[in-house]
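Here the structure is laid out as structure tokens; the discussion comes afterwards.
The values are calculated or read from the model by the stated rules, or taken from the named source; none is laboratory data. Everything numeric in this text was worked out from a predicted model, so none of it was measured. Heads up, the Cβs are rebuilt from the backbone with ideal geometry, glycines too, and the neighbour counts pull from every protein chain shown. Surface areas here come from the heavy atoms of the whole protein model, side chains and all, with no ligands, DNA or RNA. Shrake-Rupley method; radii C 1.70, N 1.55, O 1.52, S 1.80 Å.
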Amino acid sequence: MALLNDVSPVRAEQADARGRVAELHAIRAQAEAGPSDRATEAQHAKGKLTARERIGLLLDPGSFREIEQLRRHRATGFGLEEKKPYTDGVVTGWGTVEGRTVFVYAHDFRIFGGALGEAHAAKIHAIMDMAITAGAPLVSLNDGAGARIQEGVSALAGYGGIFMRNTKASGVIPQISVMLGPCAGGAAYSPALTDFVFMVRDTSQMFITGPDVVKAVTGEEITQNGLGGADVHAETSGVCHFAYDDEETCLAEVRFLLSMLPSNNRENPPAVACGDPSDRRSDTLLDLVPADGNRPYDMHQVIEQVVDDGDYLELHERWARNIVCVLARLNGRVVGIVANQPRTLAGVLDIKASEKASRFVQMCDAFNIPIVTFLDVPGFLPGVDQEHGGIIRHGAKLLYAYCNATVPRISLILRKAYGGAYIVMDSQSIGADLTYAWPTNEIAVMGAEGAANVIFRRQIAAAEDPEAMRQKMVKEYKAELMHPYYAAERGLVDDVIDPAETREVLISSLEMLRNKHAELPARKHGNPPQ
């Protein structure tokens, strides 16, 4: 492997063009092969693919165009001057996914453990700048051991350049981080700045301080996967949007996600031909959602009945399960759906659900994806932990995201919509373009039982049979203020619709709103609640 590792590789003796071209092909072949067969075997033994194998799965066959393949570091000391492999441990370039341009960089763990040095960082900076300039998505395939210690502060500065570009690209081009190995320390902040994070179980981990440091500082003993594995970040921290069992499935799902996103914030998501009739009725919905507000059901089944062919991609499927966020299509056009999940915590809003939904709404708005909201929410989750944890500011994040969104917005009240949660979940009063409701809807400050206890507490207390009086007052409150047409009579709901016609109503409404144009007041940027 002399061409890879020697400071001055042997040059071809031929002075003619054919000789030089032969030399070039020899250098490229060895650069593409990697440092050694042994290093490749070690990577495969860990259940991991090589950087180039991963790129081959991500991009359309034969479409990858690599840049800076012959880049090598210039560092000296600690033996670095004797080992200067081509690529410097990161493969960068662009290709296509379903014919659309996508930029990519992939750490090569076989070279310096994928650790980031000055030249390595410069390659990533260059490909990020190209992605921003070209207006195309950027996918990072992460499998690195952090900063290259031998290069000191130069490596740390390289991370700073990545973070700055992540921020510059935010809301401009889709950024997807795919975790396929370790990602520790400051390196973890780049994925956290991107739009989507994918992880693979058992082989990928993310943490700021590893198990050894945790044990030394706190005395706690924990494994790498227990501290920052895919399941931890998919279920507990919410850092990870998607978690899969193997790299092949993971990269296939990255391709699927890319097919639902625009190339940049100046374009609309790609539309596809739809074989599912736009006027398809779904009488199943009449029985799927119980009229009794205390009975749970699975919101996923409602979504399946409405969207094209019942197909959707759910983000954060296992985190904050009391709210559902999916990307789907209606009549071939991408929409983002936010929906309360009555099957979990009765669909209440809490800190985690507010954070999950607010980030999703912001992403949809940034990339011109219309937002449809399905409401069945009894309110915000009460409790000391929620109040002390800042439910006020976290709930305000969702409110801010909706109020700030300029894409088409439609809300549909399936059943309960109580109190501040009703307002926050894209009510007409905060700017929803259209608000629909099913005949099973109940819109109120609070549930009838709670309202009756407050409004009629004196009558109930003075009655000979307080419980009978309470039931009477509950019935009266429902009849006066919570009947299905109360909000419609006051113009707070645009129409009460037949549930079976939900798909047709949403599609025709979105078609009307397709060319919606809305402008926010001139400002540098807002100051959203944190």
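A few notes on this one:
- Breaking point among (1) among the small types (Gly, Ala, Ser); (2) at negative phi; (3) open to solvent by 10 Å² or more (accessible area, probe 1.4 Å), for residue 411: (3)
- Flag set for residue 431, criterion: under 26 Å from the mean Cα position of the chain (by Cα), open to solvent by 10 Å² or more (accessible area, probe 1.4 Å) and under 24 Å from residue 358 (Cα atoms).
- A single entry from 250, 274 fulfils the requirement of being touching an Asp or Glu at 6+ places or on another chain (Cβ under 7 Å), within 23 Å of residue 100 (Cβ to Cβ) and either open to solvent by less than 40 Å² (accessible area, probe 1.4 Å) or outside any helix (DSSP H, G or I) (or both): 274.
- Any hit, segment 187-196, residues being at pLDDT 95 or above, aromatic (Phe, Trp, Tyr), under 22 Å from residue 93 (Cβ atoms) and surrounded by 23 or more Cβ atoms within 10 Å (Cβ to Cβ): no
- Residues of segment 109-140 that are of a type outside the set (A, V, I, L, M, F, W, C), open to solvent by 10 Å² or more (accessible area, probe 1.4 Å) and either in contact with a strand residue (DSSP E or B) (Cβ under 8 Å, 6 or more places away or on another chain) or outside any loop (DSSP other than H, G, I, E, B) (or both): 113, 118, 125, 129, 133.
- Scanning segment 302-313 finds one or more residues that are assigned to a strand (DSSP E or B) and open to solvent by less than 30 Å² (accessible area, probe 1.4 Å).
- Condition check for residue 160: in a loop (DSSP other than H, G, I, E, B) and either open to solvent by 10 Å² or more (accessible area, probe 1.4 Å) or among the hydroxyl-bearing types (Ser, Thr, Tyr) (or both): no
Per-residue answers, yes or no, for (1) touching a Cys at 6+ places or on another chain (Cβ under 7 Å); (2) part of a helix (DSSP H, G or I); (3) surrounded by 21 or more Cβ atoms within 10 Å (Cβ to Cβ); (4) touching a residue at least 40 places away in the same chain (Cβ under 8 Å):
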site: 336; (1), (2), (3), (4): yes, no, yes, no
site: 356; (1), (2), (3), (4): yes, yes, yes, yes
site: 359; (1), (2), (3), (4): no, yes, no, yes
site: 364; (1), (2), (3), (4): no, yes, yes, yes
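- One residue from 92, 96 being surrounded by fewer than 18 Cβ atoms within 10 Å (Cβ to Cβ) and part of a strand (DSSP E or B): 96
- The residues of segment 205-231 that are open to solvent by 40 Å² or more (accessible area, probe 1.4 Å) and assigned to a helix (DSSP H, G or I), listed by number, are 212, 213, 215, 216, 217, 218, 224, 225, 227, 231.
- Among the candidates 261, 257, the residue that is crowded, with 16+ Cβ neighbours inside 10 Å, of a type outside the set (Val, Ile, Thr) and outside any loop (DSSP other than H, G, I, E, B) is uniquely 257.
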